[in-house]
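FYI, it's all coordinate maths here, none of it is from the lab. Everything numeric in this text was worked out from a predicted model, so none of it was measured. Methodologically, a virtual Cβ is constructed for each residue, glycine included, from the backbone with ideal geometry; neighbour enumeration extends over all protein chains shown.
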Amino acid sequence: MEIIMNQTILFTPVGGTDPISLNNYHDGSILHICRFYKPDKVILYMSKEMLDFQEKDDRYRYCLDRLAKMQDRPMVYEIIERRELTRVHEFDYFYEDFRKVISCIYETMDESDTLLLNVSSGTPAMKSGLLVLQTLGEFPAKVIQVATPVGKLNEQVHEGYDVETLWELDEDNQEGAQNRCKEIQCPTLSKIKKEEIIKKHIFVYDYQAALDVTDSLPAEQTAQYRDLIYLAARRVLLDFVNVDKTIQKTNFQCLPVRSSSQRKYFEYALTIDIRLKRGEYVDFIRSITPIVVDLFEMILKKQCGIKVDDYCDQYKRAGQWKRMWSAKKLNGTEAGDVLNSHYQKVGKRFEAKDVYSEHLKILTDHFSSDTRLKQLMEDLRNVESNIRNLAAHEIVSVTDETIKNLTGFYGRDIMSKIRELFGYTEISIRKEYWDSYDEMNRKILEQMSNE
C-alpha cells in the first residue's frame with residue numbers, strides 16, 4: 001500500500017454562502033480556502049439543509065471539481081452526513097461531534113500532514129465548536145478565517161441558485177483575485193493557563209518560577225517576553241553580567257541606577273524590599289547587615305569626608321580580597337583617636353580587625369552634627385544587633401510581629417529607614433526608583449499581551 005505524505009486536509013462545515021455567494025458573486029469560504037491552500041482532500045460536514053442543496057444540484061462538488069480542473073491538480077472529497085441535524089444552533093452537539101470526527105481524521109494522518117479547519121462556514125455554534133477544540137489543543141491545526149469581499153456579513157440567498165452560472169460569474173476566478181484567507185492564532189487552554197501562572201509568579205516577584213513555566217511552552221510562543229523574564233530572574237540575583245548582556249540584546253532598560261559602582265548597592269536594597277514584600281522575613285533579616293555596613297560607609301564619606309579604605313589594609317581570604325582596620329594607618333589620626341576613646345570609655349579595647357557597622361556609627365556620631373541621620377543610624381544599628389543572631393543561629397519562626405517585638409519596628413518601618421539613609425549617600429535616588437521592579441513587571445506583562 002502506497003503511503004502518501006505531506007497531505008493537506010481541509011475539514012469544514014458547509015454554510016449558507018458556500019460554494020459561491022449569490023449575493024456578491026465571490027467564493028464562499030470553502031471554495032476560497034481550496035483556491036489558495038490547494039488541499040489534497042476536503043471533508044465536508046453537512047447538516048440536513050446543506051445535504052438537501054447538495055442533492056438538488058451537486059453544487060459543492062461541482063465547484064470544487066471546476067476549481068481542481070482550473071488548477072490542474074487532483075482533489076478528493078468526503079461528505080460527512082448529518083441528516084438528523086436540524087437544530088444547528090446547539091454548541092454542545094457540534095463540540096462533541098467535531099471532536100469525534102477530527103479524532104478519526106487524525107488517525108489517518110502522519111506527522112508530515114497538515115490539517116486545515118475552516119471557521120468561516122457554518123452556523124455560529126459550528127464555528128465556536130471548532131474554535132473551542134483548538135483552544136483545548138488536542139488536535140493541532142491551521143485555523144482559517146475568510147473575510148467577505150466587502151468586509152461585512154454575507155446575506156444567505158438560496159432562491160434561484162444556478163451553480164453553473166455562478167461559477168462563470170465568480171469574480172475570484174479572475175487572475176490576481178485577492179486572497180481573503182487569514183490564519184488565526186488560537187491559543188490553547190494549556191497555554192492560557194500557563195501564561196496566567198507566569199503572570200501570578202511575576203506579580204509576587206518570583207521570576208525563576210515564572211521562567212521555569214515559560215520554558216515549558218514552545219519557544220515561538222514566548223519569544224516576545226522570555227528574555228525579559230530571564231532578565232528579571234538574573235536581576236533579582238544581582239547577576240549584573242547577564243543583566244547587562246540581556247539589556248543589550250533586548251534594549252529593555254529596567255535599572256534606574258546605572259553606574260556600576262553605585263547600582264549594586266541600590267539593587268541590593270531593592271532585593272531586600274522584595275524579600276519583605278514576599279514575606280520572606282528570615283532572608284529579609286539576613287540581608288540587612290551587608291546594606292547597613294555599606295550605607296554607613298557611604299554616609300561617612302559623603303557627610304563627613306572620611307574614606308574608610310584610607311584606614312584599612314587589604315588581605316586575601318578564601319580566594320577573595322577582604323579588608324580590615326590598619327592600626328598603623330589609624331595611629332595619630334582623629335578617626336583612630338575617636339575609636340580608641342569610645343571603647344576605652346566602656347572598658348574595652350578597639351581591635352583593628354574587620355570593619356563593622358558599629359565602628360562606622362561611632363565615627364559618624366563624632367563627625368556629623370545631623371541629629372536625624374544619627375537617629376536613623378542608631379535605629380538600624382539596633383535592628384541589626386537585635387535580630388541578626390536570631391535569624392542566623394536559631395531555628396525559629398520569624399514573622400513581621402517577631403521583628404516588631406524584637407526591634408520595635410515592623411519590616412516596612414525598617415525598609416523606610418533604609419530608603420531614607422540612601423538620601424545621605426552620593427547616590428541620587430528618585431522616589432519612583434523604588435518602584436522599578438513594579439514598573440519592570442508592568443512592561444513584561446505588556447509584552448505578554450502584545451504577542
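Figures for the structure shown
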| read-out | value |
| --- | --- |
| Principal axis dimensions, segment 8-186 - Cα atoms, whole angstrom, descending | 40, 36, 29 |
| D (Stokes-Einstein, µm²/s), Kirkwood Cα radius, segment 46-96, 0.890 mPa s at 25 °C | 194 µm²/s |
| Cα shape, segment 275-315, gyration tensor, a/c 1.5 rule | oblate |
| Per-pair calculated FRET efficiency, R0 = 60 Å: ARG61 and THR333 via Cβ, rounded to 0.05 | 0.05 |
| In sequence order, calculated HN-Hα J values of segment 335-351 (Karplus, 6.51, -1.76, 1.60; Hz; x Gly/Pro) | 4, x, 5, 4, 5, 4, 5, 4, 6, 5, 5, 9, x, 10, 10, 6, 9 |
| In segment 300-387, the GluC sites (Glu not before Pro) that fall in loop regions by DSSP, at most 11 other Cβ within 10 Å | GLU351 |
| ³J(HN,Hα), Karplus 6.51/-1.76/1.60, whole Hz, each residue of segment 420-429, x for Gly, Pro | 5, 5, 4, x, 9, 9, 8, 7, 7, 10 |
| Straight-distance crosslink candidates among lysines, where the alpha carbon sits under 22 Å from LYS322 and sequence neighbours closer than 8 are dropped | LYS264, LYS301, LYS307, LYS353, LYS361 |
| For segment 264-429: Kirkwood Rh in Å [reciprocal of mean 1/r, alpha carbons] | 16.9 Å |
| Per-residue Cβ neighbour rank within 10 angstrom, fewest leading, ASP52, ASP400 | ASP52, ASP400 |
| Where Cα atoms sit under 16 Å apart: lysine pairs in segment 1-141 separated by 8 or more or lying on different chains | 4 |
| Cβ crowding within 10 Å averaged over residues, with 113-125, 231-243 ranked highest first | 113-125, 231-243 |
| Distribution of pairwise C-alpha distances over segment 336-451, 10 Å bins, in % | 11, 29, 30, 20, 7, 3, 1 |
| More than 21 angstrom apart: percent of Cα pairs within segment 189-265 | 30 percent |
| Crossing angle, helix 226-236 versus the chain [Cα axis fit, 0-90 degrees, rounded to tens] | 10 degrees |
| Residues whose placed amide H lies under 5 Å from that of TYR77, excluding near-sequence neighbours | VAL42 |
| More than 38 angstrom apart: percent of Cα pairs within the chain | 51 percent |
| Qualifying trypsin sites (Lys or Arg not before Pro) for segment 106-152 [loop in DSSP, other Cβ within 10 Å: at most 11] | LYS152 |
| Whole-number percent relative contact order across segment 8-186, with pairs defined as alpha carbons under 8 Å at least 6 apart | 32 percent |
| Residues with amide H under 5 Å from that of THR8, placed H, sequence gap 5 or more | ASP40, LYS41, THR114 |
| Per-residue ³J(HN,Hα) for segment 54-65, Karplus 6.51 cos²θ - 1.76 cosθ + 1.60, θ = phi - 60°, Hz, x for Gly and Pro | 4, 6, 6, 9, 6, 4, 6, 5, 4, 5, 5, 5 |
| Per-residue Cβ neighbour rank within 10 angstrom, fewest leading, CYS34, CYS181 | CYS181, CYS34 |
